[in-house]
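The values are calculated or read from the model by the stated rules, or taken from the named source; none is laboratory data. Here the structure is a predicted model, which means the values were calculated and not measured. Positions of Cβ are backbone-derived with ideal geometry, glycine not excepted, and every protein chain shown enters the neighbour counts. Keep in mind that these areas ignore ligands, DNA and RNA; they rest on the heavy atoms of the full protein, side chains included. Shrake-Rupley method; radii C 1.70, N 1.55, O 1.52, S 1.80 Å.
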Amino acid sequence: MAILDETFMQGFIDVCAEGYRKGWHERNGGNLSYRMSEADVEAAKPSFATSKHEWAPIGTEVPGLAGEYFLVTGSGKHMRNVPKAPQDNICIIEIDNAGVNYRICWGLEKGGRPTSELPTHLMNHEIKKKLTDGKYRVIYHAHPGNVIALTFVLPLDSKNFTHELWEMATENPLVFPKGLGIVPWMVPGGREIAVATSKLMNDFDVAIWAHHGVFCSGSDFDETFSLMDTIEKAAEICVKVKSMGGKNQTIPEKGFVDLSRDFGIKIKEEILNL
Ligand code: 13P
Ligand code: ZN
């Protein structure tokens, strides 16, 4: 089967297309990475470039990802263009045995390098791979407008931000039961913001970057995309409620406890004001 027809490739391209359709990827905004399974790598290998690219520094250390392969978006590439020409806008990279360098094995055929947020993607992958026994494979960064708007208005702490968005639709606490981590404003694209974000990934599946965007993690493309979608929808409702003058009533605190019990999903209790 041609590499572009592989299920993992189609799933990746679909997230890029749908994220753009949602309005989360202006210009080159946002990026996506997927940790390939052994079967994915085997299926992709016949399409790998015959002359190997040079090793290049990741910009941080991820020893827990030594020898892994990732499908990632290219830096400066537009999500809008990924479905039209995947081979020019995304790439497969291999991580070296020390977890400090990568090399391109496929894609970016007209030149380029992986996303500038590669340190954050890979440090998040390293933590999630360990914490979930290899189950989590996707890290997704987007620039959804309502979440970004709220980072100018809501207090920038995990408890208050999560509580506000849990209130915005009854099933929200079941979709992000661990809540939302918050990274204060930082310069993007380097190791420092990668360290801050990956620290949060020990406790959360989501990190909000103040005045910038969101990082979501998950087991597959559907789970990860839908997590972003649910959070942005919650933020949209919150913006509407605030624009209409604010809440006149809301879900009672005990309601969250009842919800958690009835659906059998443990939600982070320190978010509640019990
Ligand atoms: P890249 O084009 O390097 O992926 O950067 C986009 C972005 O959103 C940076 O935070
Ligand atoms: Zn960004």
### Query
Only one residue in N89, N101 is polar (S, T, N, Q) and open to solvent by 30 Å² or more (accessible area, probe 1.4 Å), so which one is that?
N101
### Hey, W106 at pLDDT 95 or above, within 16 Å of ligand 1 (Cβ to nearest atom) and of a type in the set (F, W, Y) or not
no
#### Entry: Where a residue in segment 12-29 is free of Cβ contacts under 8 Å to residues at least 60 places away in the same chain and its partner, wherever it lies, is in a loop (DSSP other than H, G, I, E, B) and within 16 Å of ligand 2 (Cβ to nearest atom), with Cβ under 8 Å and at least six apart
R27/H78; N28/S75; N28/G76; N28/K77; N28/H78
### Task
Kindly list the number of the only condition in (1) over 21 Å from the mean Cα position of the chain (by Cα); (2) at positive phi that fails for G76.
(1)
### Task
Return the pairs, sorted by first residue and then second, in which the second residue is open to solvent by 50 Å² or more (accessible area, probe 1.4 Å) and more than 13 Å from ligand 2 (Cβ to nearest atom), the first residue lies in segment 208-237 and is over 10 Å from Y140 (Cβ atoms), the beta carbons are less than 7 Å apart, and the residues are 6+ apart or on different chains.
A210/L156; A210/P184; H211/F152; S219/K135; S219/R137; D220/R137; T230/V175
### Query
Just one of A56, A98, A49, A66 is in contact (Cβ under 8 Å) with a residue 24 or more places away in the chain, over 26 Å from K129 (Cα atoms) and either in contact with a His (Cβ under 8 Å, 6 or more places away or on another chain) or of a type outside the set (D, E) (or both); which is it?
A49
### Query
Within segment 120-158, how many residues are over 16 Å from N202 (Cα atoms) and open to solvent by 10 Å² or more (accessible area, probe 1.4 Å)?
11
### Query
So is G74 under 23 Å from T197 (Cα atoms) and open to solvent by 10 Å² or more (accessible area, probe 1.4 Å) or not?
no
### Filter result for R113 (open to solvent by 30 Å² or more (accessible area, probe 1.4 Å), among the basic types (K, R), on the phi < 0 side of the Ramachandran plot and in contact with a helix residue (DSSP H, G or I) (Cβ under 9 Å, 6 or more places away or on another chain))
no
### Message
Need pairs with beta-carbon distance below 6 Å; first residue farther than 17 Å from A142 by Cβ and within segment 170-188, second within 16 Å of ligand 2 (Cβ to nearest atom); sequence gap 6+ or separate chains.
### Response
P184/A210; W185/A210; W185/H211; M186/I193
### Message
Take G189 and tell me if it is touching a Ser or Thr at 6+ places or on another chain (Cβ under 6 Å) and within 16 Å of ligand 1 (Cβ to nearest atom).
### Response
yes
